[in-house]
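**Student:** Okay, handing you the structure first.
The values are calculated or read from the model by the stated rules, or taken from the named source; none is laboratory data. Keep in mind that this is a model prediction, so the values were computed, not measured. All Cβ positions, glycine included, derive from the backbone under ideal geometry; neighbour counts span all protein chains shown.
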Amino acid sequence: VPGICEVRLVQTAEKAERRLIAIASGKGGVGKSTLSANLAIALRRLGHRTGLVDADIYGPSQPRLMAADGERATAHDKQLLPIMTRYGVPMLSMGQLVAPEKALAWRGSMASGAFGQLVEGRWEHVDTLVVDLPPGTGDVQLSMIQKHRPAGAVIVSTPQDLALIDAARAIDLFNTAGVPVIGIVENMAGYVCPHCGEASDPFGQGGAEAEAARLGIPFLGRVPLDIAIRRASDAGEPPAAGDDKAAAPFLAIAQKVAK
Ligand code: ADP
């Protein structure tokens, strides 16, 4: 891939044992990156040796979410070395390879090539690789399905109709390719006003669970729309790494994903 360090794709025996879990959404802004970071940390808390790949070329946000802004990935023997985040989850991000505004202009083959370099990095002592995909059903998804065969996909959606229609497209892609859909996570479900305590549903309620039932795929749980989640994410302090109450929704989802 021109513009980033050249890395030979190295097939190792270890690769075959690693579970790749793709985190997908039909559209952007539904919380796919937030869920990916927190799920990776929650899986680690449950004892899984988890790594995180940030393949979202349109907005690689894992370096900020994982408090690793400005850290560049290095290569050894033509293989990328994941950086170790302070949450014990090693990570490689598109954002560490190239300035996001450059990645935006990439053609499909360049994005797919860069994706291969991230997944084929030196993931030592990692048995579960959480992959934060770009939104939609584009080249990165297709190349991942063809070359890297994920063990399963988790679909993130808000409860809203429009987001659900897009999520159904992502589900269809994985179904057609024979990649098991592990389930749907409903994000931004229900809002409790921090001042008056009144509960409301800005994006509707229960849409993702109903859609999961309709499609016959598991519902993995819901994460509330919570200003604390947004604040913690911006500060590079994922709630899954926090106290039990903050981490609870992510640990519950991780338990189902790990099964
Ligand atoms: P995506 O990866 O789908 O584009 P992000 O994970 O980047 O979405 O989330 C988009 C924005 O919404 C971010 O500012 C994030 O902090 C915020 N956000 C995500 N999930 C929640 C939530 N459950 N409650 C509050 N804010 C959230």
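**Student:** Do you know which of the residues in the stretch 14-37 that are assigned to a strand (DSSP E or B) and of a type outside the set (D, E, K, R) is farthest from the ligand (Cβ to nearest atom)?
**Tutor:** Let us first name the residues in the stretch 14-37 that are assigned to a strand (DSSP E or B), namely 19-24.
Checking which are of a type outside the set (D, E, K, R) leaves us with 20-24.
Working: Leu20: 18, Ile21: 15, Ala22: 13, Ile23: 9, Ala24: 10 Å.
Among residues in the stretch 14-37 that are assigned to a strand (DSSP E or B) and of a type outside the set (D, E, K, R), the one farthest from the ligand (Cβ to nearest atom) is Leu20.
**Student:** Select the helices (runs of 4 or more DSSP H) contained entirely in the stretch 193-259, then report the ones holding at least 1 residues which are within 14 Å of the ligand (Cβ to nearest atom) and hydroxyl-bearing (Ser, Thr, Tyr). Write out each step before concluding.
**Tutor:** On the way: elements: 207-215, 227-234, 244-258.
In the stretch 193-259, 227-234 are the helices (runs of 4 or more DSSP H) which contain 1 or more residues that are within 14 Å of the ligand (Cβ to nearest atom) and hydroxyl-bearing (Ser, Thr, Tyr).
**Student:** Six or more apart or on different chains, Cβ atoms under 9 Å: show the pairs whose first residue is in the stretch 157-172 and within 9 Å of Ser25 (Cα to Cα) and whose second is polar (S, T, N, Q) and part of a helix (DSSP H, G or I).
**Tutor:** Ala170/Gln141
**Student:** All but one of (1) modelled with pLDDT of 95 or more; (2) of a type outside the set (A, V, I, L, M); (3) out of contact with any Gly (no Cβ under 7 Å at 6 or more places or on another chain); (4) surrounded by 16 or more Cβ atoms within 10 Å (Cβ to Cβ) hold for Glu211; state the number of the condition that does not hold.
**Tutor:** (1)
**Student:** Hey, another quick one. Restricting attention to the stretch 140-151, does a residue exist that is under 17 Å from the mean Cα position of the chain (by Cα), part of a loop (DSSP other than H, G, I, E, B) and without any contact (Cβ under 8 Å) to a residue 40 or more places away in the chain?
**Tutor:** We begin by selecting, within the stretch 140-151, every residue under 17 Å from the mean Cα position of the chain (by Cα); these are 140-145, 148-151.
This time we only want the ones that are part of a loop (DSSP other than H, G, I, E, B), so: 149-151.
Then keep just the ones that are without any contact (Cβ under 8 Å) to a residue 40 or more places away in the chain; that gives none.
Looking through the stretch 140-151, none of the residues is under 17 Å from the mean Cα position of the chain (by Cα), part of a loop (DSSP other than H, G, I, E, B) and without any contact (Cβ under 8 Å) to a residue 40 or more places away in the chain.
**Student:** If you go through the stretch 183-199 one residue at a time, how many are touching a residue at least 60 places away in the same chain (Cβ under 8 Å) and surrounded by fewer than 24 Cβ atoms within 10 Å (Cβ to Cβ)? Full working, then the answer.
**Tutor:** Keep residues of the stretch 183-199 that are touching a residue at least 60 places away in the same chain (Cβ under 8 Å), which gives 183, 185, 187-188.
Then drop every residue that is not surrounded by fewer than 24 Cβ atoms within 10 Å (Cβ to Cβ), which leaves 183.
Selection size over the stretch 183-199: 1.
**Student:** When the residues of the stretch 25-76 are narrowed to those that are among the acidic types (Asp, Glu) and in contact (Cβ under 8 Å) with a residue 40 or more places away in the chain, which ends up surrounded by the fewest Cβ atoms within 10 Å (Cβ to Cβ)? Working first, answer last.
**Tutor:** Applying the first criterion (among the acidic types (Asp, Glu)) to the stretch 25-76 yields 54, 56, 69, 71.
From what is left, the residues that are in contact (Cβ under 8 Å) with a residue 40 or more places away in the chain are 54, 56, 69.
Details: Asp54: 28, Asp56: 26, Asp69: 12.
Per the stated criteria, the residue is Asp69.
**Student:** Before we move on, is Leu118 surrounded by fewer than 22 Cβ atoms within 10 Å (Cβ to Cβ) and outside any loop (DSSP other than H, G, I, E, B)? Walk me through it before giving the result.
**Tutor:** Details: surrounded by fewer than 22 Cβ atoms within 10 Å (Cβ to Cβ): no; outside any loop (DSSP other than H, G, I, E, B): yes.
For Leu118, the condition - surrounded by fewer than 22 Cβ atoms within 10 Å (Cβ to Cβ) and outside any loop (DSSP other than H, G, I, E, B) - is not met.
**Student:** If a residue has to be more than 8 Å from the ligand (Cβ to nearest atom) and part of a helix (DSSP H, G or I) to count, how many in the stretch 38-71 make the cut?
**Tutor:** Qualifying residue count, the stretch 38-71: 11.
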